[in-house]
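Participant: Submitted below is the structure of interest, expressed as structure tokens.
The values are calculated or read from the model by the stated rules, or taken from the named source; none is laboratory data. Values in this document were obtained by computation on a predicted structure and should not be read as measured data. Positions of Cβ are generated from backbone atoms using ideal geometry, with glycine treated the same way; all protein chains shown enter the neighbour counts.
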Amino acid sequence: MHKDTIEELKRRVDEQCKALNSLASSLEGENRLGELMKRVEKPCEALTSLAANMGESVSFVLSWPETKKLFLQYVEFKRYEPANAKTLISYLDRFVTQPIKEPLDVMRLFSPLTVGQRHHLNRALRAWFKCLEINMPDGRFKEFLDSLRKVIPKDEVGIDVKVPEEEQIISDLRRIVSEPLPLQAEYNLLLDSGLRLVEVVRLLNDFPEAEHLEGFYRCPVGFFRGSKQAYYCYMTEYTYQLIKKLNEKVSEIRLKRRHQLHKYTRAKYLRKFANDTMTSERLNIPESVADFIQGRVPKSIGAKHYMQLKRKADQFYPRYAEYITELRRKAGILTA
């Protein structure tokens, strides 16, 4: 029975290789052909090894080193955020050093890890398994991968209800004026917009033309990552002027380290603060509008609804902009 399965898997792999080789031979230009052949041969070798490793007691054997190049192509095709892709790969390099033959092997990987390490390895393994499943569409192989997924420990999650107090933000604003310009611009843009750190860093490194509206600025973001959609970035005059002075690239890693070293409010809590403030009874900005401002809107949003939210965001954001401006006055960095 196992012999028949081996032969069937080999046959499917051979067919895939032949089809891709046929496509390669139809391309003109030696360089293009050579490049495609490299992409074709490695995945075929990696997938063949999965089929060839079948035995009496173990159906499949997963080897990270043998399938790493295939996974690199997968994350490139899926357009993973570079920093995220780097983390996934580094965790697989670091921890998946031995072949995985059964669920117990996965359990052993997680046993000595910290909560944070488990979180990252969880995502790395799931992405790797998905890559292998897509590239080897076989029912038995999927069952094997599913048996491995079942023993991946779930994240120790809870609802993080922590929202910074106003005084904490004022203290940050008072201290941050003595910091280098990149950190000032990053912190203030996080506070103004309520966007995610990755989106703010991208904006600072490639700042688009911003439109000056009544009491604030708005610039396009168009940053779509899976279910996370950021259409626009809203900011105050103060932050816009900081960004205009910035003439160097910023590093997300360095900014995070600086935040931690000097104990400034972390990006995710600035985002919580912005949302909590916008939707509070004091400002009374509709939740759907606050979500739009912060880039928390489905990609499937209809054009009509999108335009309605944009108009409402332009209408309501001045309330938040004035509130943030008042915090800067209380911190002593604005006099008027």
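Participant: Counting only residues that are aromatic (F, W, Y), give me the helices (runs of 4 or more DSSP H) lying completely in segment 103-221 with at least 1 of them.
Facilitator: On the way: elements: 103-110, 115-135, 139-149, 166-176, 181-193, 197-205.
The qualifying helices (runs of 4 or more DSSP H) are 103-110, 115-135, 139-149, 181-193.
Participant: So R257 fits all but one of (1) more than 26 Å from the chain's Cα centre (by Cα); (2) without any contact (Cβ under 8 Å) to a residue 60 or more places away in the chain; (3) assigned to a helix (DSSP H, G or I); (4) over 17 Å from P164 (Cα atoms); what number is the exception?
Facilitator: All conditions are met except number (1).
One line per residue, one yes/no per condition, for (1) surrounded by 14 or more Cβ atoms within 10 Å (Cβ to Cβ); (2) in the same structural domain as N205 (by TED's automatic domain parsing); (3) within 13 Å of L62 (Cβ to Cβ):
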{"residue": "D93", "(1), (2), (3)": "no, no, no"}
{"residue": "K101", "(1), (2), (3)": "yes, no, yes"}
{"residue": "L104", "(1), (2), (3)": "no, no, no"}
{"residue": "V115", "(1), (2), (3)": "no, no, no"}
{"residue": "Q184", "(1), (2), (3)": "yes, yes, no"}
{"residue": "L189", "(1), (2), (3)": "yes, yes, no"}
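Participant: Q241 is checked against (1) farther than 19 Å from Q315 by Cα; (2) part of a helix (DSSP H, G or I); (3) touching a helix residue (DSSP H, G or I) at 6+ places or on another chain (Cβ under 8 Å) and fails just one. What number does that condition carry?
Facilitator: (3)
Participant: Here's something else I'd like to know. Report yes if A83 is small (G, A, S), in contact with a Leu (Cβ under 8 Å, 6 or more places away or on another chain) and in a helix (DSSP H, G or I), otherwise no.
Facilitator: Here the answer is no, as A83 does not meet what is asked.
Participant: If E133 satisfies all but one of (1) among the charged types (D, E, K, R); (2) closer than 30 Å to A274 by Cβ; (3) surrounded by 16 or more Cβ atoms within 10 Å (Cβ to Cβ), what's the number of the condition it fails?
Facilitator: (2)
Participant: Any idea which of (1) acidic (D, E); (2) within 30 Å of F292 (Cβ to Cβ); (3) out of contact with any strand residue (DSSP E or B) (no Cβ under 8 Å at 6 or more places or on another chain) is the one E133 doesn't satisfy?
Facilitator: (2)
Participant: Of Q241, Q260, which residue is loosely packed, with under 15 Cβ neighbours inside 10 Å, polar (S, T, N, Q), within 23 Å of R175 (Cα to Cα) and at pLDDT below 90?
Facilitator: Being loosely packed, with under 15 Cβ neighbours inside 10 Å, polar (S, T, N, Q), within 23 Å of R175 (Cα to Cα) and at pLDDT below 90 holds for just one of Q241, Q260, which is Q260.
Participant: Looking at segment 53-107, which of its residues are charged (D, E, K, R), within 27 Å of the chain's Cα centre (by Cα) and at pLDDT 90 or above? Before you say what the answer is, go through the steps one by one.
Facilitator: Let us first name the residues in segment 53-107 that are charged (D, E, K, R), namely 56, 66, 68-69, 76, 78-79, 81, 86, 93-94, 101-102, 105.
From what's left, within 27 Å of the chain's Cα centre (by Cα): 66, 68-69, 76, 78-79, 81, 86, 93-94.
Of everything in segment 53-107, those that are charged (D, E, K, R), within 27 Å of the chain's Cα centre (by Cα) and at pLDDT 90 or above turn out to be E66, K68, K69, D93, R94.
Participant: Working only within segment 90-102, note down all residues that are part of a helix (DSSP H, G or I) and in contact (Cβ under 8 Å) with a residue 12 or more places away in the chain.
Facilitator: Those that are part of a helix (DSSP H, G or I) and in contact (Cβ under 8 Å) with a residue 12 or more places away in the chain: Y91, L92, D93, F95.
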